[in-house]
Amino acid sequence: MKSNSRQDVILNSAALPSHVAIIMDGNGRWAKKKMMNRVKGHEQGSQIVRSVVTACRELGIDTLTLYAFSTENWERPKYEVTALMMLLKKFIVSEREDLLKNNIRLSIIGQKHKLPLDVQKEIDATMALTKDNNKLLLNLALSYGSREEITTAVKQIAQKIESKDLNLNDITQDLISEHLYTKAMPDPDLIIRTGGEYRLSNFLLWQAAYSEIYISDTLWPDFTKDEFIKILKNFQERDRRFGKVTCSTSNDG
Ligand code: IPE
Ligand code: IPE
Ligand code: MG
């Protein structure tokens, strides 16, 4: 699809979310509906990632975070975990050239050290190659869980207090944010969840404090650029108050 399609034109580019995060859910149900193995759903799902990355780059979104594998997903059957790791490696290798060519930087949030070594190696290579790219930050959440992230941050801060590198009063919201995997990025403006479940499933719990949330019934392998643009338009129509009172709702003008 061309970038100057009708939907793109009616999007207000000045009011686009700077950071979009997506819980890519529904691969298994998509496969089941088609009487196929769950792994087929993951395969199709990884094709959709490609089109959403392209859309973000074309639209000028700064950061795209994709929830690809949670700390809890390790509990799935071994064959499914193995297939997901293989698909991940394939994606990182096959997209490398395109990421480079399109000025996209790859980064990871989560327990990278828990991933298979060959996957870590490919991630490191792609991260190193794309480290100076600045059009879009593609941030993959891999073996990611908010509670693990926050627990790790608390331990790091406690260690710094113990070693007297920090005082109790140094603990601020900013300091906590700086100890999370997402330290170098703004909080997500918009979190999209496909697959119709109304939950965050341990995703960006701290960072989601004022994120706009959009739940789509579409299963991830059926997600399209057109729906993505529809969601962005919906985001642009929202009144983000951050707990304050906006002019439209205030009585004293
Ligand atoms: C999301 O799809 C992908 C991962 C969690 C890795 P699911 O595999 O959770 O698909 P459903 O929710 O079972 O349909
Ligand atoms: C969330 O989906 C994790 C990812 C999309 C990677 P899950 O399928 O794991 O979440 P639950 O089990 O429905 O909460
Ligand atoms: Mg699921």
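Using the alpha carbons alone, the radius of gyration of segment 94-197 stands to its Kirkwood radius in an Rg to Rh ratio of 1.03. According to the Cα-based calculation, Rg over Rh for segment 120-253 is 1.03, with Rh computed by the Kirkwood formula. Once the mean of 1/r is taken over each pair of separate Cα atoms and inverted, segment 141-202 shows a Kirkwood hydrodynamic radius of 13.5 Å.
Over the Cα atoms of segment 39-104, each weighted equally, I'd like the Debye log10 I(q)/I(0) at q = 0.14 Å⁻¹, rounded to two decimals. Log-scaled intensity ratios, in q order: -0.48. From the residues A184, V119, L138, which one has its Cα farthest along the dipole of the chain in the positive direction, the dipole being from +1 and -1 charges on Cβ of Lys/Arg and Asp/Glu about the Cα centre? Checking the options against the dipole of the chain, the answer is V119.
When the alpha carbon coordinates of segment 66-115 are projected onto the principal axes, the ranges are 36, 19, 17 Å, largest first.
How big is the dipole moment of the chain about its Cα centre under a simple scheme where the beta carbon of each Lys and Arg is +1, that of each Asp and Glu is -1, and everything else is neutral? Debye, nearest 20, please. Display every interim value, and only then the final one.
Working: 36 positive and 33 negative charges, 153 e Å.
Roughly 740 debye for the chain.
A simple count of charges around V20, restricted to other residues whose Cβ falls under 11 Å of its Cβ and scoring Lys, Arg +1 and Asp, Glu -1, yields -3.
Over segment 90-130, Cα pairs under 8 Å with separation of 6+ residues give a relative contact order of 57 percent.
For the chain, the Cα gyration tensor yields ellipsoid semi-axes of 28, 27, 19 Å (square root of five times each eigenvalue, largest first, whole Å).
Going through the cross-link list K135/K164; K131/K230; K114/K225; K135/K233, which pairs have a Cα-Cα distance over 28 Å in this structure? Mind showing how you got there, number by number?
Working: K135/K164 40 Å; K131/K230 31 Å; K114/K225 32 Å; K135/K233 22 Å.
Distance filter (> 28 Å) returns K135/K164; K131/K230; K114/K225.
Based on the Stokes-Einstein relation at 25 °C and a viscosity of 0.890 mPa s, and on the Kirkwood radius from alpha carbon pairs, segment 1-138 is assigned a translational diffusion coefficient of 151 µm²/s. Scanning the chain for DSSP H helices at least 27 Å long along the axis (C-alpha atoms) with a Kyte-Doolittle mean no lower than -1.0 picks out 38-59, 78-101.
Taken together, the values in this text are just the output of simple stated rules run on the coordinates, not laboratory data. Fair warning: this is a prediction, and the values are worked out from it, not measured in the lab. Counting neighbours? That spans all protein chains shown, and the Cβs are built from the backbone with ideal geometry, glycine included.
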